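The values are calculated or read from the model by the stated rules, or taken from the named source; none is laboratory data. In this text the structure is predicted, and so the values were computed from the model without any measurement. Because the Cβ atoms are built from the backbone with ideal geometry, glycine has one as well, and the counts that use them run over all protein chains shown. All accessible areas refer to the heavy atoms of the entire protein, side chains included, with ligands and DNA or RNA removed. Shrake-Rupley method; radii C 1.70, N 1.55, O 1.52, S 1.80 Å.
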Amino acid sequence: MEREFSQLNPGYRLLLGPGPVETSPRVLRAMSGNLLGHLDHQFLDIMNDTMELLRKVFQTKNRLTLPMSGTGSAGMETVMVNLIEPGDNVIVCVKGVFGQRMRDVAERCGANVYSVEVPFGQPIDPADVRKIAKEVGDIKLIAVVHAETSTGILQPLPELSEIAKEHDALFVVDAVTSLGGVELKVDDWGIDACYSGTQKALSCPPGLSPVTMSSRAEKVIAERKTKVQSWYLDLSMIQNYWGQERVYHHTAPINMIYGLREALQIVLEEGLEARFKRHQQNSDAFVGGIEAMGLSMIAPIGYRLPTLNAVRIPENVDDLKARAYLLDKYGIEIGGGLGDFKGKAWRIGFMGESSRRNNVILLLAALADAMAVQGHRVDVGAAVEAALEVYNG
Ligand SMILES: *Cc1c(COP(=O)(O)O)cnc(C)c1O
């Protein structure tokens, strides 16, 4: 089929799914800055500044804190390939698709993987982890997803961190959907390795994966007996490019780094506490509206992730039709269910720039419309009122 080049230009969408989400025009402008060589001293200053900003957002003093080239999954793979050697005992907590992915990656690294698994929609019980850790003994690391994007569960971390410390194991955390959106204290919570992605709560296009490693993790890497199986993700070489030596490893995605730096700057201008509060309030308003419509959330109270809101789809509503309607009539993208929740849940992201009052009110009304055309009528007025109650008291 012949098509005009201009027809392939992307049209406007409001991104309220699990990521990518809305980004600031400031970030897009930063990304269109002059291209520099990856060894230019101007760019080295930008790299240093980006690492400094990342430390602030991760709330860490870790020296080894940098953005890996690639999306969030590259960060996951970076942490696993650098810390695990074949035959290591590893515990992976699995409560959704991303925990499953962590387990898969750890297995591919040759680890003996013990998983603590709960059904989709539930948090991990630290008592289960404590029990397995005791049985297994010599454990290299305990890994968990902080914000499980497939189910909307926010996993409390401090107790799991304690268990890791009791066993002298490294504590590994996936913070792809939490960094910049909900409280995450890498140093205070004793996290040894943590990674994120740019296109979730950091509100930047996809393409980089911020990673941070504690000095304990650095020591484990330095004392490896075997080479890291991935050349591209080998931190012992990559840190020589990001460190004083500035040794070429691979060509850094220059303009992505401009974008990330601007996105981090925006996060810090708002302030971490204010940003977390904003995410919490918009999520609370949305949940209030959803419940006033007679719908329910997947995650139990106390474990709800404000950045990713997973809503149970009513029995008589077709998921695909509803999402196609939102896209067609409103230009709004939300996410469908993943894994066990395929066809059963909507995943709604209010992250970064997407976490706004206008989007909450608009989406409540648009969802009501998308259900009404399928014959499932809800009280839109009550939903909006419940949301406004959260904002205005
Ligand atoms: C999105 C996501 C990932 C994977 O990130 P990609 O950028 O898609 O590679 C990993 N973990 C969690 C919790 C995520 O939400």
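Could you tell me whether S214 is in contact (Cβ under 8 Å) with a residue 60 or more places away in the chain, surrounded by 22 or more Cβ atoms within 10 Å (Cβ to Cβ), within 11 Å of the ligand (Cβ to nearest atom) and not assigned by TED's automatic domain parsing to the domain that holds L305?
No, not satisfied.
Identify all residues within segment 7-36 that are free of Cβ contacts under 8 Å to residues at least 60 places away in the same chain and either in contact with a helix residue (DSSP H, G or I) (Cβ under 7 Å, 6 or more places away or on another chain) or not in a helix (DSSP H, G or I) (or both); write none if there are none.
Within segment 7-36, N9, P10, N34 qualify.
Out of the residues in segment 71-94 that are open to solvent by 10 Å² or more (accessible area, probe 1.4 Å) and outside any helix (DSSP H, G or I), state the one that is nearest to the ligand (Cβ to nearest atom).
Taking the candidates together, the pick is T71.
Taking segment 274-309 only, how many residues are polar (S, T, N, Q) and in a helix (DSSP H, G or I)?
4
Considering K56, K61, which residue is in the same structural domain as T212 (by TED's automatic domain parsing), away from the ligand (no atom under 13 Å from the Cβ) and outside any loop (DSSP other than H, G, I, E, B)?
K56
Within segment 224-232, does at least one residue satisfy the condition of being open to solvent by 50 Å² or more (accessible area, probe 1.4 Å), out of contact with any Leu (no Cβ under 7 Å at 6 or more places or on another chain) and under 21 Å from L39 (Cα atoms)?
yes
When you scan segment 310-366, how many residues do you find that are charged (D, E, K, R) and assigned to a helix (DSSP H, G or I)?
Total meeting the criteria: 8.
How many of the residues in segment 357-381 are surrounded by 15 or more Cβ atoms within 10 Å (Cβ to Cβ) and either under 27 Å from the mean Cα position of the chain (by Cα) or aliphatic (A, V, I, L, M) (or both)?
Qualifying residue count, segment 357-381: 15.
Please pick out the residue among L179, L184, L154, L202 that is in contact (Cβ under 8 Å) with a residue 40 or more places away in the chain, within 14 Å of the ligand (Cβ to nearest atom) and open to solvent by 10 Å² or more (accessible area, probe 1.4 Å).
Step by step, each of L179, L184, L154, L202 is checked, and only L154 is in contact (Cβ under 8 Å) with a residue 40 or more places away in the chain, within 14 Å of the ligand (Cβ to nearest atom) and open to solvent by 10 Å² or more (accessible area, probe 1.4 Å).
If you check every pair at least six apart or on different chains, which have Cβ atoms under 8 Å apart with a residue in segment 251-264 that is farther than 10 Å from G33 by Cα and open to solvent by less than 30 Å² (accessible area, probe 1.4 Å) first and a residue that is assigned to a helix (DSSP H, G or I) and of a type in the set (S, T, Y) second?
A252/Y241; I257/T50; L260/T50; L264/T50
Each row is one residue, and each column tells you yes or no for (1) of a type in the set (V, I, T); (2) within 16 Å of the ligand (Cβ to nearest atom); (3) assigned to a helix (DSSP H, G or I).
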| position | (1), (2), (3) |
| --- | --- |
| E162 | no, no, yes |
| K227 | no, no, no |
| N240 | no, no, yes |
| V247 | yes, no, no |
| R261 | no, no, yes |
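Test each condition in (1) touching a residue at least 60 places away in the same chain (Cβ under 8 Å); (2) of a type outside the set (K, R); (3) surrounded by fewer than 22 Cβ atoms within 10 Å (Cβ to Cβ) for D318 and report the one that comes out false.
(1)
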